[in-house]
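Contents: one structure, followed by commentary.
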Amino acid sequence: LPVTEEYRRAVFARRWLEAANFVYASLDAELVARARAPGGPTLLVARNIEHAGALLERLRSAAKKGEAGSFGDFDAAAARSATGGGALKVCVIPLSKHRGYNS
């Protein structure tokens, strides 16, 4: 990710939380762009429930016509699968719901 001038100013001023938020915003934009790219399905693991909601909002706001229903949380993915609707293009879950590969 490119280093922005906003980030640089925050670091030089030792405003670490602000600098971290600039990094998170850049990462979120990249996560959404890659998740929407052809291929998939994709699982995005968010830091918490609020972050998951923010990622879903970014996905839905960038969606093309008819695509918004392709993004959802774990409950939406389970419901879609149970009715034979297949997988979501992108499923977003908070870290608290992720058990990891070795659990």
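The values are calculated or read from the model by the stated rules, or taken from the named source; none is laboratory data. Computed from a predicted structure; not experimentally measured. Please note: Cβ atoms are built from the backbone with ideal geometry, for glycine as well, and neighbour counts cover all protein chains shown. For accessibility, only protein heavy atoms count, side chains too; no ligands or nucleic acids. Shrake-Rupley method; radii C 1.70, N 1.55, O 1.52, S 1.80 Å.
Based on protein heavy atoms only, the chain ends up with 70 Å² per residue of surface accessible to a 1.4 Å probe. Think of each Lys and Arg Cβ as +1 and each Asp and Glu Cβ as -1; about the Cα centre, that makes the dipole of the chain roughly 140 debye. Enumerate the helices in the chain for which the Kyte-Doolittle hydropathy averages -0.5 or more and the C-alpha atoms extend at least 15 Å along the helix's axis, using complete DSSP H runs. Both cut-offs are met by 16-36, 49-61.
Extending 7 Å from Cα along the Cβ direction at LYS97 and again at VAL23 yields two label points whose distance is 2.6 nm.
Peptides 42-55, 5-18, ordered by how many other C-beta atoms sit within 10 Å of their residues on average, highest first, read 42-55, 5-18. Of the heavy-atom accessible surface of segment 1-57 (probe 1.4 angstrom), what whole percent is carbon and sulfur? Carbon plus sulfur share of accessible area: 59 percent.
Diffusion coefficient of the chain by Stokes-Einstein, Kirkwood radius over Cα pairs, 4 °C, 1.567 mPa s: 86 µm²/s.
Can you check what the net charge comes to around ALA77, using other residues whose Cβ is under 13 Å from the Cβ of ALA77 (Lys, Arg +1; Asp, Glu -1)? So the environment of ALA77 carries a net charge of +1.
The helix-only estimate of mean residue ellipticity at 222 nm for the chain, built from DSSP H runs of length n ≥ 4 each weighted as -39500 (n - 2.57), is -15500 deg cm²/dmol after division by the residue total. Counting only residues at least eight positions apart within a chain, or on another chain, the aspartates and glutamates with an alpha carbon under 18 Å from that of LYS89 are ASP28, GLU30, GLU57, GLU67, ASP73, ASP75.
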